[in-house]
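Engineer: Sharing a structure below in structure tokens format, with a few things to ask.
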Amino acid sequence: MGFNLKQKLRKSSDALAGKLDRLFGGESIEDADLEEAEEILLGSDLGWELTERIIDELPGKVRESELSWKEALAEILIENTPLPVSKIPQARPLVTVVVGVNGAGKTTTIARMAARLQKENDKVLLACADTFRAAAAEQLEIWADRLGTAVLTQLPGSDAAAVAFDAVKRGQSRDYDSVIIDTAGRLPNKKGLLDELAKIYRVCGRAMESAPHEVLLVLDGTVGQNAKAQAEQFMKAMPITGLVVTKLDGTARGGSVLAMASELNIPVKYIGVGEGSDDLLDFNLESYVHALLGMEEANG
Ligand SMILES: Nc1nc2c(ncn2[C@@H]2O[C@H](COP(=O)(O)OP(=O)(O)OP(=O)(O)O)[C@@H](O)[C@H]2O)c(=O)[nH]1
Ligand SMILES: [Mg+2]
């Protein structure tokens, strides 16, 4: 998952492994202050469920095995994060709707996904179903221009769901491999936004029976576990098939990725660890946990 993931997650691993190192350093874990350990775990946003499990299981696991506390902790984190398999549907065009609050990183994520698909010689159509903000279409057009992909936009005030419908139809009639639909993160009110997203979802299915094949929810990693409540709101509007957690390079709350995946039971598809074009990574649980704990990656 990227050779420099450990560096990218430095802030999180300092806050988690760095502090635990000082706490457990040298002495036996049974003599260490577990209340303090609990504070550190919660501080890195692993959430109550995972934290309690760790406090329950870690001392015993270390005692009964040859593992260091860090290796034992890595095992606990890996065992307790459900990894729902994100199956890749075979449809063509593959229709992906990308949702999330404003500023979470939707458009950036879409641009990076498109860049990857282009590399595999896929024909990509981007569509801006954010007709609330004039700049939204412009931003997507700039990316499409830079990447050399097609893009479909509409004037502010037009029907966002109609853009989604047209995009799916055009994707079918002009043989696109992939249609990626950007959506608004902000409308005058939350209900308005959720209704609009639900409509976009329905309309995709009307344009192409199996669509959308993927619904990705983009969450700002610096928000940490508080993003869980946000996620639950979006889940009311449409079934979410995968999470994208961005800005993990700028936060000490990297633990929240594990807490949210297990508590929401949604696979994490990508993580964003910087602003560069290569900074959207496929999520791999083992690599992520090892980087979060500042450990060397087992297999690059
Ligand atoms: N450091 C860092 N910055 C990121 C990452 N992903 C996105 N950003 C930045 O976050 C800011 C917002 O990203 P956008 O992609 O515009 O967010 P959006 O969800 O499309 O926002 P709206 O269109 O306003 O709803 C941009 O400045 C991005 O460069 C990341 O993984 N790391
Ligand atoms: Mg955007």
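The numbers here are math on the coordinates, done by the rules we state, and not lab data. Just so we're clear, the structure is a prediction, and the values are computed from it rather than from any experiment. Positions of Cβ are backbone-derived with ideal geometry, glycine not excepted, and every protein chain shown enters the neighbour counts.
Engineer: Once you order the gyration tensor axes a ≥ b ≥ c over the Cα atoms, which shape class does region 127-168 get: rounded for a/c under 1.5, otherwise prolate or oblate by comparing a/b with b/c?
Structural biologist: Since a/c reaches 1.5 but b/c is at least a/b, the shape of region 127-168 is classed as oblate.
Engineer: May I pose another question? Quickly estimate the mean residue ellipticity at 222 nm for the chain, helices only: each DSSP H run with n ≥ 4 gives -39500 (n - 2.57), and the total goes over all residues, rounded to 500.
Structural biologist: -14500 deg cm²/dmol
Engineer: Let me ask something else about it. Any chance you could run the full-extension gain for N265 through D122? It's 0.36 nm times the residue separation minus the Cα-Cα distance, nm to one decimal.
Structural biologist: 48.5 nm
Engineer: Bin by bin, in steps of 5 Å, what percent of the Cα pairs in region 1-109 do you find, going until the bin that has the longest distance?
Structural biologist: 2, 9, 15, 18, 16, 12, 9, 7, 6, 3, 1, 0
Engineer: What longest region of the chain stays clear of trypsin sites (Lys or Arg not before Pro) that DSSP places outside H, G, I, E and B and that have at most 12 other Cβ atoms within 10 Å?
Structural biologist: Answer from the scan: 175-300.
Engineer: Treat the chain as a sphere of radius equal to its Kirkwood radius over Cα pairs and apply Stokes-Einstein at 37 °C in a medium of 0.692 mPa s; give the translational diffusion coefficient in µm²/s, rounded to a whole number.
Structural biologist: D = 163 µm²/s.
Engineer: With the crude spin-label approximation of a point 7 Å out along Cα→Cβ, what separation in nm comes out for R22 versus E57?
Structural biologist: Simple spin-label model gives 2.8 nm for this pair.
Engineer: Hey, can you grab everything whose amide H is under 5 Å from the amide H of V218? Only 5+ residues off in sequence or another chain; H modelled, so Pro and N-termini drop out.
Structural biologist: Residues meeting the criterion, in which the H sits 1.01 Å from N, are V99, G100, V244.
Engineer: On a 0 to 90 degree scale, rounded to 10, what angle separates helix 34-43 from the longest Cα axis of the chain?
Structural biologist: Once rounded, one gets 20 degrees.
Engineer: Provide the FRET efficiency to the nearest 0.05 for the K191-E36 pair, computing r from the beta carbons and using R0 = 35 Å. Provide the component values of the computation, followed by the final result.
Structural biologist: On the way: r = 43 Å, r/R0 = 1.24.
Step by step, r from the Cβ atoms, then E = 0.20.
Engineer: For Q90 and D145, FRET efficiency with R0 = 30 Å and r from the beta-carbon atoms, rounded to 0.05?
Structural biologist: Plugging the Cβ-Cβ distance into 1/(1 + (r/R0)^6) gives 0.50.
Engineer: Okay, next question. In whole Hz and in residue order, list the ³J(HN,Hα) couplings for region 57-65 that follow from phi through the Karplus curve 6.51 cos²θ - 1.76 cosθ + 1.60, θ = phi - 60°; x for Gly and Pro.
Structural biologist: Calculated HN-Hα couplings, in order: 9, 4, x, x, 5, 5, 5, 8, 9 Hz.
Engineer: Same structure, new question: With θ taken as phi - 60° and the coefficients 6.51, -1.76 and 1.60, list the Karplus ³J(HN,Hα) couplings across region 258-273 in order, rounded to whole Hz; mark glycine and proline as x.
Structural biologist: Couplings: 5, 4, 5, 4, 6, 6, 8, 6, 10, x, 8, 8, 10, 10, x, 10 Hz.
Engineer: Related question: Please identify the GluC sites (Glu not before Pro) of region 58-104 that satisfy two criteria: DSSP loop assignment and at most 15 other Cβ atoms within 10 Å. Which are they?
Structural biologist: Here the sparse-neighbourhood loop sites are E66.
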